[in-house]
Amino acid sequence: MAEHALTLMEDIEQSGKTGMMYLWGAIISAIVSLLIPVVGIVALYSGYRLTTVMERRWFGFFFAAIGLASLTLMIVELVLLELGYISF
């Protein structure tokens with residue numbers, strides 16, 4: 001028998017049953033991390049944990065990448081500020 005491949009919406013619904021905290025944590029913290037970069041740590045962790053719950057690993061990695069990019073840009077900005085390349 002051929003195994004049924006889940007659609008994206010079915011995969012999200014299934015992950016909502018088993019890992020609801022990671023799903024909503026990844027979505028909300030990725031959006032908030034665009035405004036408050038420190039929240040990127042939560043998006044990074046939740047997105048990573050979401051990859052273990054869903055069949056589509058790219059979905060969790062997407063949110064983890066947003067959190068990591070936000071956090072990395074904040075660190076680069078702080079380093080450049082400290083070195084005097086930028087000023088406020």
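Screening the candidates GLY67, GLY60 for the property of being within 27 Å of HIS4 (Cα to Cα) and surrounded by 21 or more Cβ atoms within 10 Å (Cβ to Cβ) yields one hit, GLY60. Identify all residues within the stretch 28-53 that are surrounded by 17 or more Cβ atoms within 10 Å (Cβ to Cβ) and among the aliphatic types (A, V, I, L, M); write none if there are none. Selection gives ALA30, VAL32, VAL39, VAL42, ALA43, LEU44, LEU50, VAL53. Of all residues in the stretch 53-71, those satisfying the criterion of being more than 15 Å from SER29 (Cβ to Cβ), part of a helix (DSSP H, G or I) and hydrophobic (A, V, I, L, M, F, W, C) are VAL53, TRP58. Here HIS4 clears all of (1) in contact with a helix residue (DSSP H, G or I) (Cβ under 8 Å, 6 or more places away or on another chain); (2) surrounded by fewer than 14 Cβ atoms within 10 Å (Cβ to Cβ) except the condition numbered (1).
Values quoted throughout were computed directly from the atomic coordinates according to the rules given, and no laboratory measurement underlies them. Predicted model, so just to flag it, every value in this text is computed and none were measured. Quick reminder, even Gly has a Cβ in these numbers, built from the backbone with ideal geometry, and neighbours come from all protein chains shown.
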